[in-house]
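Novice: Okay, here's the structure, questions in a sec.
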Amino acid sequence: MDSWWQLGEWAGVSGSELSTYRITCPFCMEKGNFETAFHAEKSKPNSRKKLNFDTLKCGNCAGYVMCLWSKSSNSFDHNGIHSYKVLPWPLKYEGHPEFWPEAIGRYWLQAKKSLVDENWDATAVMARSALQISLRDHGAAGRNLKQEIDDLAEKGILPPIIKDWSNNIRELGNDSAHPKPDQPPTDPQDARDIVKFLDFLLEYLYNLPHQIEKYRERKEENNS
């Protein structure tokens, strides 16, 4: 997205109204309990497109969040999609994208939660597990993780930069996944890096294909 006017045009959630039930309060972690304290909007010249600026008040802790949201310019009434950005956002993680395989999302979520709780060893192990499951979900073959990465690279599924990211995750997670009696603790920055690399990988393997699929579906609907 290279312009805020594109918010809600390429990807989002169903409906033309802000899905407050999806928003989690970053202060008390209460989900979907908001009232609108302030609303403003900006219209795009010569277009039906609008950007909405809402201040939401949590009904549980009275904390505030700011939300920028917009529905697709092709949306009518309650049909279509919209997307939003919230500030501040929760530093804890309660779920994963619904279109991810459940096992990948489960390990990714445990890696994220372990990172927030500063459990560095667990972060590395869970991230490495999410990596391996995602590769096998794409048909990787091999006796170990390195061979599985090489296999998908040879098949053209992993381009060189993604192969490098995958090996970074593998290398950073190996010590924690195969510990020795004198194993030192995982370095905190290594744990942060492994999760960052994992996010890049899952963006490429799952998020981008999902967005492309949704775009094609909308094009087919508009042309029908």
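The values are calculated or read from the model by the stated rules, or taken from the named source; none is laboratory data. Keep in mind that what you see is a predicted model, and the values were worked out from it rather than measured. Don't worry about glycine lacking a Cβ; one is built from the backbone with ideal geometry, like all the others, and counts go over all protein chains shown.
Novice: Against the conditions (1) of a type in the set (S, T, N, Q); (2) at pLDDT below 90; (3) out of contact with any strand residue (DSSP E or B) (no Cβ under 7 Å at 6 or more places or on another chain), where does S72 fall short? Just the number, please.
Specialist: (3)
Novice: A further question follows. Looking for whichever is over 23 Å from the mean Cα position of the chain (by Cα) and of a type in the set (D, E, K, R) here; the options are K146, K214. Which one fits? Before you say what the answer is, go through the steps one by one.
Specialist: Numbers: K214 fails: over 23 Å from the mean Cα position of the chain (by Cα).
That would be K146, the only listed residue that is over 23 Å from the mean Cα position of the chain (by Cα) and of a type in the set (D, E, K, R).
Novice: More than 18 Å from K219 (Cα to Cα), surrounded by fewer than 18 Cβ atoms within 10 Å (Cβ to Cβ) and of a type in the set (F, W, Y): which single residue out of F34, F53 fits that description?
Specialist: Checking each option against the conditions leaves just F53.
Novice: Just to be sure, is P209 without any contact (Cβ under 8 Å) to a residue 24 or more places away in the chain, assigned to a helix (DSSP H, G or I) and surrounded by fewer than 15 Cβ atoms within 10 Å (Cβ to Cβ)?
Specialist: Details: without any contact (Cβ under 8 Å) to a residue 24 or more places away in the chain: yes; assigned to a helix (DSSP H, G or I): yes; surrounded by fewer than 15 Cβ atoms within 10 Å (Cβ to Cβ): yes.
It is true that P209 is without any contact (Cβ under 8 Å) to a residue 24 or more places away in the chain, assigned to a helix (DSSP H, G or I) and surrounded by fewer than 15 Cβ atoms within 10 Å (Cβ to Cβ).
Novice: Here's a follow-up. Of the residues in segment 117-166, how many are touching a Lys or Arg at 6+ places or on another chain (Cβ under 8 Å), part of a helix (DSSP H, G or I) and surrounded by fewer than 17 Cβ atoms within 10 Å (Cβ to Cβ)?
Specialist: The qualifying residues number 1.
Novice: Let me ask something else. Which numbered condition trips up F99, out of (1) more than 30 Å from Q6 (Cβ to Cβ); (2) in contact with a His (Cβ under 9 Å, 6 or more places away or on another chain); (3) not β-branched (V, I, T)?
Specialist: (1)
Novice: Ok, one more. Kindly establish whether L91 is crowded, with 16+ Cβ neighbours inside 10 Å, in a loop (DSSP other than H, G, I, E, B) and touching a residue at least 60 places away in the same chain (Cβ under 8 Å).
Specialist: When the stated conditions are applied, L91 does not pass them.
Novice: Count, please, the residues in segment 169-190 that happen to be surrounded by 18 or more Cβ atoms within 10 Å (Cβ to Cβ) and of a type in the set (A, V, I, L, M).
Specialist: Qualifying residue count, segment 169-190: 2.
Novice: In this structure, does W69 turn out to be in contact (Cβ under 8 Å) with a residue 60 or more places away in the chain, buried (at least 17 other Cβ atoms within 10 Å of the Cβ) and not assigned by TED's automatic domain parsing to the domain that holds H138?
Specialist: Spelling it out, W69 is indeed in contact (Cβ under 8 Å) with a residue 60 or more places away in the chain, buried (at least 17 other Cβ atoms within 10 Å of the Cβ) and not assigned by TED's automatic domain parsing to the domain that holds H138.
Novice: Quick one: A111 ticks every box in (1) assigned to a loop (DSSP other than H, G, I, E, B); (2) within 20 Å of the chain's Cα centre (by Cα) bar one, so which box is it?
Specialist: With (1) assigned to a loop (DSSP other than H, G, I, E, B); (2) within 20 Å of the chain's Cα centre (by Cα) applied to A111, the lone miss is (1).
Novice: Consider only pairs whose beta carbons are under 8 Å apart and that are at least six residues apart or on different chains; among these, list those whose first residue lies in segment 122-133 and is closer than 16 Å to K163 by Cα and whose second residue is in a helix (DSSP H, G or I) and among the β-branched types (V, I, T).
Specialist: Every condition considered, the pairs that remain are A127/I169; A127/I194; A127/V195; R128/I169; R128/I194; A130/I104; L131/I169; I133/I104.
Novice: Still on this model: Scanning for something touching a strand residue (DSSP E or B) at 6+ places or on another chain (Cβ under 9 Å), among the aromatic types (F, W, Y), free of Cβ contacts under 8 Å to residues at least 12 places away in the same chain and not assigned by TED's automatic domain parsing to the domain that holds N207, does segment 6-23 turn up at least one residue?
Specialist: Yes, segment 6-23 contains a residue that is touching a strand residue (DSSP E or B) at 6+ places or on another chain (Cβ under 9 Å), among the aromatic types (F, W, Y), free of Cβ contacts under 8 Å to residues at least 12 places away in the same chain and not assigned by TED's automatic domain parsing to the domain that holds N207.
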